[in-house]
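The values are calculated or read from the model by the stated rules, or taken from the named source; none is laboratory data. Note that this is a predicted model, so its numbers are computed, not measured. Every residue, glycine among them, receives a Cβ derived from its backbone with ideal geometry; neighbour counts consider all protein chains shown. To get the accessible areas, we keep the full protein, side chains included, count just its heavy atoms, and leave off ligands, DNA and RNA. Shrake-Rupley method; radii C 1.70, N 1.55, O 1.52, S 1.80 Å.
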Amino acid sequence: MSTQNTESCVINAPPTKVWDALRKQDFKFWSLVKSVELPKSTSEIGGVRITTFTDGTVQKHRLVEYSELKRSLTYELIDSVPPVTTLSAQHSFRVYSVTSNDSAYVQWRSNFSSDDSVAAIADS
């Protein structure tokens, strides 16, 4: 059985603009990210992104699902230096429309293998 963590927020911007920023996968909006090396195509399944965090951690993520229609993407962790405590981790982003005011509801869901610790899940 896997363990799941879900975070969400409403962003006061049109969903199309939020999706435009998210689908680039450069994570410029996340202060913990120092740099990102992107594959030639950020929507090609199997493409690998290398993310360097401000604490020096370097992780490789492979894109496993991408949908313009659903405004969603899913990637899996394939390598981390230093190593992480979980055998498997998948992260999904999805942008929904809030129709009452043309804002965006963003959901970030992480699934971890059952061997992971509570501390690692809380840190996601």
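Residue pairs whose Cβ atoms lie under 8 Å apart, sitting 6 or more positions apart in sequence or on different chains, and linking a residue in region 103-124 that is under 23 Å from Glu65 (Cα atoms) and open to solvent by less than 20 Å² (accessible area, probe 1.4 Å) to a partner that is of a type outside the set (Gly, Ala, Ser) and at pLDDT below 65, are Ser110/Ile121; Phe112/Ile121. Within region 43-73, the set of residues being within 30 Å of Asp102 (Cα to Cα) and open to solvent by less than 90 Å² (accessible area, probe 1.4 Å) comprises Ser43, Leu63, Val64, Tyr66, Ser67, Glu68, Arg71, Ser72, Leu73.
Only one entry of Lys34, Lys40 meets the criterion of being touching a Gly at 6+ places or on another chain (Cβ under 9 Å), free of Cβ contacts under 8 Å to residues at least 12 places away in the same chain and open to solvent by 50 Å² or more (accessible area, probe 1.4 Å), and that entry is Lys40. Residues that are under 9 Å from Val106 (Cα atoms) and surrounded by fewer than 18 Cβ atoms within 10 Å (Cβ to Cβ) within region 3-23 comprise Glu7, Ser8, Cys9, Val10, Ile11, listed in sequence order.
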